[in-house]
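Student: Here it is, the structure in full.
The values are calculated or read from the model by the stated rules, or taken from the named source; none is laboratory data. The shown structure was predicted, so the numbers you read here are calculated from the model rather than taken from an experiment. Please note: Cβ atoms are built from the backbone with ideal geometry, for glycine as well, and neighbour counts cover all protein chains shown.
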Amino acid sequence: MIIVGVEIKGLESLRRKVKAIPQILDDAMWDATFEITELIKQAAELRLSSSMKYSSGELLGSLKNEVVINAQNQIVGRVWSDKQEALFREVGTGPVGEASQKDLPEGFTPVYSQTAWFIPAKDVAVDLEAIYGIPRVTVQGTDFYITKGQPARPFLYPSLVDLIGEAPEIYKEHVQRKLRELK
């Protein structure tokens, strides 16, 4: 009787590497998603800052990004501002904003006020009439600016649209890098 033994060199190392792959892929996906959100945030900041003549920088400084695991256990990247002015700027306001050209995400339908509104002049740090041509009126001795809205000046969604095409390559690079690090 002949007994033949076969030894596979590196089998334990291979098993360890194969077992580590799911975590490595999760880490790579997380890192890639974070990089993508950073790129979108930077592009949005550049768009925003290049289109502002008079600004305190508050809106620009309000942009945030994060990566989270959602309820479906998926990695999700988010870029946003918690300032209402960001939404006003992105989609416009009033009938002027409604009529202005903008590219909106599918399923997003803003509702616009259709009446003019008054902005107390004392609450504004700059002369809106001189800067934007918003008429100034006096009602019972108090100065107001009267407006029917502002046009959309999108900065966040166009940044996403411009960069989303790069996402597959960014994910590929991160996965390849993490797999090369596997020892």
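Student: Report, ordered by the first and then the second residue, all pairs with beta carbons closer than 7 Å, sequence separation of six or more or different chains, a first member in segment 148-171 that is in contact (Cβ under 8 Å) with a residue 12 or more places away in the chain, and a second member that is hydroxyl-bearing (S, T, Y) and in a helix (DSSP H, G or I).
Tutor: Going by the 7 Å Cβ cut-off, there are no qualifying pairs.
Student: Taking the residues in segment 1-14 that are part of a helix (DSSP H, G or I) and exposed (fewer than 10 other Cβ atoms within 10 Å of the Cβ) as candidates, determine which candidate is modelled with the lowest pLDDT.
Tutor: In the first step, residues of segment 1-14 are kept if they are part of a helix (DSSP H, G or I); the result is 11-14.
Filter once more, keeping what is exposed (fewer than 10 other Cβ atoms within 10 Å of the Cβ): 11-12.
On the way: L11: 83, E12: 86.
The residue in question is L11.
Residues are listed down the side, and each one gets a yes or a no for (1) of a type in the set (A, V, I, L, M); (2) within 27 Å of the chain's Cα centre (by Cα):
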site: A130; (1), (2): yes, no
site: G141; (1), (2): no, no
site: R153; (1), (2): no, yes
site: H174; (1), (2): no, yes
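Student: Now a separate question. Is it the case, given these coordinates, that A130 is in a loop (DSSP other than H, G, I, E, B) and either closer than 22 Å to S62 by Cβ or not assigned by TED's automatic domain parsing to the domain that holds I36 (or both)? Quick ask: steps written out before the conclusion?
Tutor: Working: in a loop (DSSP other than H, G, I, E, B): no; either closer than 22 Å to S62 by Cβ or not assigned by TED's automatic domain parsing to the domain that holds I36 (or both): yes.
So A130 fails the test.
Student: Tell me whether segment 15-28 contains one or more residues that are in contact with a strand residue (DSSP E or B) (Cβ under 8 Å, 6 or more places away or on another chain), β-branched (V, I, T) and surrounded by 14 or more Cβ atoms within 10 Å (Cβ to Cβ).
Tutor: First pass over segment 15-28, keeping only residues in contact with a strand residue (DSSP E or B) (Cβ under 8 Å, 6 or more places away or on another chain): 26.
Filter once more, keeping what is β-branched (V, I, T): none.
Scanning segment 15-28, I find no residue that is in contact with a strand residue (DSSP E or B) (Cβ under 8 Å, 6 or more places away or on another chain), β-branched (V, I, T) and surrounded by 14 or more Cβ atoms within 10 Å (Cβ to Cβ), so the answer is no.
Student: Identify all residues within segment 87-113 that are β-branched (V, I, T) and either in contact with a His (Cβ under 8 Å, 6 or more places away or on another chain) or surrounded by 14 or more Cβ atoms within 10 Å (Cβ to Cβ) (or both); write none if there are none.
Tutor: V91, T93, V96
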